[in-house]
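As structure tokens, the structure follows; a few thoughts come after it.
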Amino acid sequence: MTRVLSRTGLLLGLPVVLLVTWWFASAGSKSFYQPPLETIIKVFPDTWTGARFKSDVFPSLIRLFIGYSLAVLLGITLGVLIGANRRLRALVEPLLEFLRAIPPPVLVPILILIAGIGNPTKVLVIVIGGVWPVLLNTVEGVRGVDEVLSDTCRSYRIGGWLRLRTFILRAASPQIVVGARQALSISIIMMVIGELLGATNGLGYTVVEFQRGFQIPEMWSGVFVLGLLGVLLSLAFTLVERRVLNWYHGARAAERSGH
Amino acid sequence: MLEIKSLRKTYGGQGRTVEALRDITLTVEDGQFVCVVGPSGCGKTTLLRCLGGLLTPTSGEVKVAGQTVTGPPDGLAIVFQEYGRSLFPWLRVAENIELPLKSKGIGRAERRKLVDESLSAVGLGDAGKAYPWQLSGGMQQRVAIARAIAFQPKVMLMDEPFAAVDAQTRADLEDLVRTVWQRFGMTMLFVTHDIDEAVYLGQRVVVLSASPTSVLENLDIDLSDERDQLKTRSEARFVELRTHVYARIQEAKGVAAR
């Protein structure tokens, strides 16, 4: 019980201290651009529930979900292919290094030129940003599969789909998860960036609209929404990771205790 | 039957070739228990990997049940030395044993039966739900042996399977392997660097020379079929045989050093 309390305390301690500090420091602020925290919190419910949730939050979430899923799927698929094939790896590695070095936001105007300003472009922007960490980590994971396990599969004639599913993907899963986690935060960033240019709805669009309309407390509340979204998704990710990598953490712990 | 004829294996590197095996000729009859022993670094593992179809010989021929080995042959199972790395850590013990059976296309009910039988054959009847890393090293190697048994192989290859477990566990596992062999009657080829282990386990001991490797001697072990860690190891004949093998290996090392 005390452990749970102290963990919750550690988790929430700093945010609470910061919010309280902010609250009192900004109380009575007359500055137009730095409204009191109280005002920001007051406008929060009216701004983000109801119609705006449906017209702006929901479309953003859908785009994020589709874009992120595609990035992970594409990253794993290409990563397995490249990681398992030494020739292909030698062929595409320089190209990957080049493409990865391009900051994805730079590609947004180009994508808009090619694909227009519709939803597909906004999803594509997320995919282009999120695919790299998944792809590169999957390549490393697949490349690093244990040789003895690999021999075990060969000698027991475990091949094809069964080998991919029960050996390659599982063996690479710790690294794939690392990539997917990075991709998640990048995807949120790319979601917002995609909504800054040529958009008619979405979270990023709404924040910019508030700024242009001098609705400063509402603008600040939009920043809060994005931060909260990141925290919630990260928590959800941790839950999934615990299930998927249960074996990995157990095996690591056993190793440390000198089994 | 296992037949190895003039097997040679060289590893090519940049401007440097290493001759791991020079000339190995060896036959193991069906149902025989043969131990291969040799000085360390003599290519025992290379030999076993050629037999298991995991390595392609440079020249010569390997046959399992009359078929030339070009890839992992049917009805052959390998127990590797690194038990910690040959079991899938994300699968439970029973799933580890079941996996090769799945790829063999055996039905669910039959699979379950084989898993239960093989687990109880190695004395781990109630460990099916555990993960490998929750077990001790000796128990993990028992799981690897159970997996091999469940596969119902005609030939079982063991690559220094007990090199990494403690002495007492090792004695238990040696007796387990004898029991398994007597009960299931497969052909057993057991590679080890431990001379006592080779003499204690085998019906025949094949002594390899130092690298570049050839067969130094084929030695029949004329001990009784019932082996016992205390009695057998203290028999005069056992001591004679192990001393003989030991002398041959020392001799082989001396030749290599010169």
Anchor A:K122: aspartates and glutamates whose Cα lies under 14 Å away (excluding residues fewer than 8 positions away in-chain): A:D56, A:E195
Could you sort the residues of the range A:147-161 by number and keep only those whose accessible area is reduced by 40 Å² or more in the all-protein-chain setting relative to the chain alone, 1.4 Å probe? A:V148, A:L149, A:D151, A:T152, A:R154, A:S155, A:Y156, A:R157, A:I158
Please give the per residue accessible area of the range B:173-258, computed with a probe of 1.4 Å over protein heavy atoms only, in Å². 46
Counting only C-alpha contacts under 8 Å and six or more residues apart, can you give the relative contact order of the range A:132-206 as a whole percent? 39
For A:A27, put the label point 7 Å out on the Cα→Cβ axis and report which residues of the range A:42-80 keep their amide N under 20 Å from it. A:42-44
Amide H of B:L208 versus every other amide H placed in the peptide plane: which residues, excluding those fewer than 5 positions away on the same chain, fall under 5 Å? B:V37, B:G38, B:L216
Just in the range B:1-58: which trypsin sites (Lys or Arg not before Pro) are loop by DSSP and have at most 13 other Cβ atoms within 10 Å? none
Ranking B:M1, A:M191, A:M219 from most to least accessible area with a 1.4 Å probe gives B:M1, A:M219, A:M191
Explain nothing, just the number: dipole magnitude of the range B:86-152 about its Cα centre with +1 on each Lys and Arg Cβ and -1 on each Asp and Glu Cβ, in debye rounded to the nearest 20. 160
For chain B, size of Cβ-based charge dipole, Lys and Arg +1, Asp and Glu -1, in debye: 800
On the accessible surface of the protein assembly as shown, probed at 1.4 Å with all protein chains in place, carbon and sulfur together account for a percent value of 60
Looking at the range A:234-259, residues buried by 10 Å² or more relative to their chain on its own, accessible surface at probe 1.4 Å, turn out to be A:N246, A:W247, A:G250, A:A251, A:A254, A:H259
For B:V69, solvent-accessible area (1.4 Å; no DNA, RNA or ligand), Å²: 20
Students often forget the sequence filter, so: which lysines lie under 27 Å Cα-Cα from B:K63 once same-chain residues fewer than 8 apart are removed? B:K5, B:K9, B:K44, B:K102, B:K104, B:K154
Built amide H within the under 5 Å cut-off of A:V145, gap 5+: none
For the range A:1-98: accessible area per residue (Å², 1.4 Å): 73
Looking at the range A:184-226, which chymotrypsin sites (Phe, Trp or Tyr not before Pro) are DSSP coil and have at most 10 other C-beta atoms within 10 Å of their C-beta? A:F214
Run the simple label-point estimate for A:W161 and A:K54 please: 7 Å along Cα→C-beta, distance reported in nm. 4.2
For chain B, give me the percentage of DSSP beta bridges that are antiparallel, rounded to the nearest 5 percent. 50
Pull up the DSSP beta bridges for the protein assembly as shown and report the antiparallel fraction as a percent, rounded to 5. 50
How high is the FRET efficiency between A:E147 and A:N85 when r is their beta carbon distance and R₀ equals 22 Å, given to the nearest 0.05? 0.85
Can you tell me, using C-alpha contacts under 8 Å and at least 6 residues apart, the relative contact order of the range A:48-256 as a whole percent? 26
Residues of the range B:112-143 that bury at least 40 Å² of accessible area, probe 1.4 Å, when all protein chains are present rather than the chain alone, are B:W133
Buried accessible area between A and B (1.4 Å probe, both chains summed, ligands and nucleic acids excluded), in Å² to the nearest 100? 2400
Using DSSP H assignments, which helices in chain A have an axial alpha-carbon span of 24 Å or above and a mean Kyte-Doolittle hydropathy of 1.0 or higher? A:2-26, A:58-84, A:169-196, A:216-244
Mean separation of Cα contacts under 8 Å, 6 or more apart, over the residue count of the range B:86-152: relative contact order %: 48
For the range B:84-117 the trypsin sites (Lys or Arg not before Pro) that pass both the DSSP coil test and the at-most-10 other-Cβ-within-10 Å test are none
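The values are calculated or read from the model by the stated rules, or taken from the named source; none is laboratory data. Worth saying up front: this structure is predicted, and the values here are computed from it rather than measured. Here Cβ is always computed from backbone atoms with ideal geometry, including for glycine, and neighbour counts include all displayed protein chains. These accessible areas exclude ligands, DNA and RNA; they are computed on the full protein's heavy atoms, side chains included. Shrake-Rupley method; radii C 1.70, N 1.55, O 1.52, S 1.80 Å.
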